[in-house]
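Below: one structure, written as structure tokens.
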Amino acid sequence: MVSRAVAADDKPKVIKEIQIKGTKNFKERAVRELVRTRPKDYYSENALREDVQSILGSGNFDDAEVETVDIASGVRVIFKVKEKSMVKKIDFTGNKKIGKMKLKEDFELKVKEGFDSAKLQHGIDKILKVYADKGYPDAKVEPFTNFNEADNTVAVNYVIKEGNRILIESVQFDGISAFPAKKLRRLMKTKRKKVFDQEKLTKDREEIEQFYKNNGYAKVKALDPKIEYNENRTKITIRIPIEESKRYVVGGFEFGGHTVYTAEQLTKAVEMKIGALYKQEKYDATLRNLKEMYLEKGYLYSKIEPEEAIDEEASMIKYKILIDEGTIVYIDRVFVEGLKKTKDKVIRREILLKPGDPFSSSKLRRSQEKIFNLGFIDDAKPDIQPARDINKADLIMEIVEGKPGSLSAGAGYSSTDQFVGQVQLSHSNLFGLAQKLALTWEFGARRQNYEINWTEPWAFNKPVSFGVDVYNTIRERLFDSDSGPDYRETTRGGGLRLGPRFSDIYSLLFSYQLKENKISNVSQRFINEIIEQTKNKSSLTTELARDTRDYYFDAARGNRQSISVEYAGGPILQGDTHLVKSILSSSWFLTVFQAGNYPFVFSLNGRVGALQEYDTRNSTDTQTILQLEGFRVGGADSVRGYNPGGEIGARGGARVFSVFNAEFKIPLYVENKRRILQLVLFADMGGAWRARQDVRFALGDSLNEEDNQKYLKSSVGFGLRITTPVFPIRLDWGYGLNHKAGEEISQIHFTLGNLF
């Protein structure tokens with residue numbers, strides 16, 4: 001209620017003072033925090049009305065109203081509240097099997113908050129559920145309240161009668177002959193000696209029906225189970241009646257009502273094969289495929305209605321699929337909801353469906369993927385609503401923002417780099433514009449790196465990324481397979497990146513780098529093979545990429561193809577490092593099968609590259625360029641199980657290389673559709689050659705050292721993938737299959753970031 005003690009004049013008035021009246025148990029400050037109106041604000045009845053609703057919405061007050069009084073040069077605002085009885089104490093009596101802390105978890109009724117009868121009832125429901133989950137379905141709860149009018153408080157006591165703990169004695173089936181009871185029980189989560197759970201049993205019945213239907217029993221029914229208690233009401237027997245019916249094969253298919261597609265085109269969407277046993281999952285997939293075909297063309301309200309013709313004598317089901325195509329639906333308006341820190345345009349520009357476009361399911365799905373790939377969005381839920389025109393629809397994208405900024409650290413040990421670690425301060429949504437900033441410090445026994453990276457994904461509001469990098473890296477390098485280190489390589493410099501995107505899958509990237517490379521601290525053993533020298537490098541790299549991955553940070557489907565060419569030195573770029581380096585990469589991701597939110601992903605990756613130096617003054621110059629810029633194979637980022645110090649290919653850098661990786665990821669823990677912990681099985685293979693004529697795609701080893709460097713080497717192993725808010729952590733154990741005598745057969749690799 002909003003009232004005025006003095007009539008208002010037409011001039012806007014400034015609020016000079018805010019008073020709170022009626023508080024006793026709740027402090028004035030608690031009320032002030034609920035209202036948005038502040039002194040020096042202009043008077044607004046709408047704002048004060050919202051403040052009253054905010055006070056009532058807190059749940060601590062039975063009533064609230066506001067009055068205003070005109071005073072010198074402004075208005076005094078008075079909020080009058082009537083408090084609810086404050087909950088002074090919540091207690092439990094009779095709970096012997098379950099502790100108070102467990103019962104209080106997620107309790108809506110809380111001490112030092114206003115009493116609410118609905119919350120009191122929620123407490124009863126919560127306690128009963130906790131007891132039911134623990135095997136006490138007969139538990140009873142009665143609440144007692146003791147109101148103290150003198151101080152307007154209430155004490156709550158839940159009196160509990162626990163009853164017997166009841167466990168499942170056995171699960172039986174009536175009417176089965178097709179499969180043994182033992183096989184059906186293996187499908188169930190309802191088990192002997194476990195607590196009875198109605199939700200689990202319901203899902204178990206669905207699982208049993210699905211199993212039958214995937215084995216030809218199209219008309220099977222798992223009927224309502226019968227629950228039988230023993231005499232002491234401590235054990236139950238569950239009996240599930242099954243009506244198996246007959247086993248059917250698939251007959252023919254006919255289509256009716258279709259004009260957009262031919263019958264031949266529609267038949268390609270059918271996954272059931274004529275003459276094969278009926279499979280429910282194939283039937284469901286067929287209907288989804290047909291619906292998807294029409295959604296892709298914009299027929300949002302199309303209907304797929306199958307009719308069955310059953311030949312009982314032949315145990316065959318024929319289908320006539322009637323299609324009500326409807327009309328093409330166009331997008332009218334696009335709304336983005338749920339944003340708190342992110343600018344509206346950041347999400348809107350990732351949505352491929354624009355007003356006036358025909359609806360497309362693939363564009364909608366790809367829009368979701370692009371939003372997730374921003375890196376700071378936890379969820380993006382599309383909702384299609386009828387629009388102002390019958391042939392149009394509004395698209396509403398409901399966004400759940402994640403945490404864009406974080407300070408994180410990781411540390412570990414690897415056979416190659418020994419102790420390694422990283423500290424990173426990052427923000428992936430700077431100023432709400434999706435700009436990315438990362439300050440990184442990597443440290444270890446053989447590596448020190450300081451790096452600053454900044455990226456603007458839409459420079460000048462165009463689909464063009466722009467980035468700046470600055471770095472200073474010191475590496476203690478290996479030259480051969482000994483423990484080392486054999487020399488120090490120091491790299492400092494920076495670069496600029498410019499990346500125009502032609503579509504949602506095709507992009508170019510131009511990057512310019514200016515850096516100083518220095519080789520020092522050469523081991524006495526290799527003083528004649530490694531030259532201590534400093535070289536400046538000015539280079540321009542161009543990369544063309546095609547990327548259809550669903551999620552850049554941990555892809556479950558799609559692929560990425562890229563080709564890059566780096567040109568360094570010459571009369572234009574200058575510097576004293578002159579070379580051309582080309583790399584071709586191909587990565588593929590496939591979900592083999594999915595269990596709920598747990599996808600099991602198989603991925604393949606291949607990389608080949610070539611380097612050619614030019615304008616070199618002498619062999620020493622060539623040797624230094626290869627030492628600094630040549631390819632190295634082995635280690636966490638190529639062939640695991642080998643170190644990059646010469647165990648694979650040419651020592652001191654190669655001109656040609658190839659690497660192939662295969663991984664199978666098994667999800668262990670998923671949260672918010674993100675795979676937080678995964679087990680990985682992998683196989684790697686690769687080689688590195690000093691010259692093109694040395695390339696040999698043969699696997700193995702040789703006693704001759706020079707010949708041995710020309711062979712491909714392979715490895716197998718397993719590892720863990722841990723997803724953090726900033727970077728993925730890789731921990732791998734690789735076992736080399738082609739080591740020569742004296743080398744460590746296995747390696748542990750601890751790395752931050754994705755392999756591919």
If I filter the range 548-562 for residues that are of a type in the set (A, V, I, L, M, F, W, C), under 17 Å from residue 629 (Cβ atoms), surrounded by fewer than 17 Cβ atoms within 10 Å (Cβ to Cβ) and touching a residue at least 60 places away in the same chain (Cβ under 8 Å), do I get at least one hit? no
Collect the residues in the range 51-76 that are part of a helix (DSSP H, G or I) and either more than 43 Å from the chain's Cα centre (by Cα) or exposed (fewer than 14 other Cβ atoms within 10 Å of the Cβ) (or both), keeping them in residue-number order. 53, 57
With the range 85-164 as the region, which strands (runs of 3 or more DSSP E) entirely inside it contain at least 2 residues that are closer than 29 Å to residue 190 by Cβ and free of Cβ contacts under 8 Å to residues at least 40 places away in the same chain? 140-148
For the range 445-456, does any single residue satisfy the condition of being assigned to a strand (DSSP E or B), crowded, with 17+ Cβ neighbours inside 10 Å and in contact with a helix residue (DSSP H, G or I) (Cβ under 7 Å, 6 or more places away or on another chain)? no
Look through 621, 637 and report the one residue that is more than 22 Å from residue 744 (Cα to Cα) and either open to solvent by 20 Å² or more (accessible area, probe 1.4 Å) or assigned to a helix (DSSP H, G or I) (or both). 621
Only one of 730, 675 that is under 17 Å from the mean Cα position of the chain (by Cα), charged (D, E, K, R) and within 29 Å of residue 611 (Cβ to Cβ): 730
Take the residues in the range 502-539 that are in a strand (DSSP E or B) and hydrophobic (A, V, I, L, M, F, W, C), then tell me which one is most open to solvent (accessible area, probe 1.4 Å). 514
Hey, any hits in the range 193-205 for a residue that's surrounded by 16 or more Cβ atoms within 10 Å (Cβ to Cβ) and under 19 Å from residue 281 (Cβ atoms)? yes
Of the residues in the range 392-406 that are part of a strand (DSSP E or B) and within 20 Å of residue 435 (Cβ to Cβ), the one that is nearest to the chain's Cα centre (by Cα) is 401
Listed by first then second residue, the pairs whose first member lies in the range 326-346 and is more than 18 Å from residue 382 (Cα to Cα), whose partner is among the polar types (S, T, N, Q) and assigned to a strand (DSSP E or B), with beta carbons under 8 Å and at least 6 positions apart or on separate chains, are 341/429
Filtering the range 206-238 down to residues that are of a type in the set (A, V, I, L, M) and surrounded by fewer than 16 Cβ atoms within 10 Å (Cβ to Cβ), which residue is farthest from residue 173 (Cα to Cα)? 227
Meets criteria (buried (at least 17 other Cβ atoms within 10 Å of the Cβ), at negative phi and not in a strand (DSSP E or B)) for residue 173: no
Quick one: residue 245 ticks every box in (1) at pLDDT 95 or above; (2) more than 24 Å from residue 392 (Cβ to Cβ); (3) hydroxyl-bearing (Ser, Thr, Tyr) bar one, so which box is it? (1)
Given the residues 206, 254, 162, 228, which is the only one that is in contact with a Lys or Arg (Cβ under 9 Å, 6 or more places away or on another chain), among the acidic types (Asp, Glu) and closer than 28 Å to residue 306 by Cβ? 254
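Of 131, 158, 136, which residue is in contact with a Pro (Cβ under 6 Å, 6 or more places away or on another chain), of a type outside the set (Val, Ile, Thr) and either open to solvent by 50 Å² or more (accessible area, probe 1.4 Å) or closer than 20 Å to residue 99 by Cβ (or both)?
158
Yes/no per residue for (1) surrounded by 18 or more Cβ atoms within 10 Å (Cβ to Cβ); (2) out of contact with any Asp or Glu (no Cβ under 7 Å at 6 or more places or on another chain); (3) outside any strand (DSSP E or B):
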residue: 326; (1), (2), (3): no, yes, yes
residue: 332; (1), (2), (3): no, no, no
residue: 336; (1), (2), (3): yes, no, no
residue: 346; (1), (2), (3): yes, yes, yes
residue: 350; (1), (2), (3): yes, yes, yes
residue: 355; (1), (2), (3): no, no, yes
residue: 362; (1), (2), (3): no, no, yes
residue: 365; (1), (2), (3): no, yes, yes
residue: 369; (1), (2), (3): yes, no, yes
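Okay, residues lined up against (1) touching a Gly at 6+ places or on another chain (Cβ under 6 Å); (2) open to solvent by less than 70 Å² (accessible area, probe 1.4 Å); (3) at pLDDT below 90; (4) not β-branched (Val, Ile, Thr):
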residue	(1), (2), (3), (4)
79	no, yes, no, yes
90	no, yes, no, no
93	no, yes, no, no
105	no, no, yes, yes
111	no, yes, no, no
Could you tell me which of the residues 742, 652 is at positive phi and open to solvent by less than 20 Å² (accessible area, probe 1.4 Å)? 652
Please tell me if residue 668 is more than 16 Å from residue 605 (Cβ to Cβ), open to solvent by 10 Å² or more (accessible area, probe 1.4 Å) and of a type in the set (A, V, I, L, M). yes
Could we say that residue 476 is open to solvent by less than 50 Å² (accessible area, probe 1.4 Å) and touching a residue at least 24 places away in the same chain (Cβ under 8 Å) here? yes
Unique match (being at pLDDT below 95, more than 23 Å from residue 517 (Cβ to Cβ) and in contact with a strand residue (DSSP E or B) (Cβ under 8 Å, 6 or more places away or on another chain)) among 423, 464: 423
Suppose we filter the range 702-722 for residues that are surrounded by fewer than 18 Cβ atoms within 10 Å (Cβ to Cβ), at pLDDT below 85 and not in a helix (DSSP H, G or I); how many remain? 3
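The values are calculated or read from the model by the stated rules, or taken from the named source; none is laboratory data. If you're wondering where the values come from, they're calculated on a predicted model, not measured in any experiment. When we count neighbours, we look across all protein chains shown, and the Cβ atoms used for this are built from the backbone with ideal geometry, even at glycine. With ligands, DNA and RNA removed, areas are computed over all heavy atoms of the protein, side chains included. Shrake-Rupley method; radii C 1.70, N 1.55, O 1.52, S 1.80 Å.
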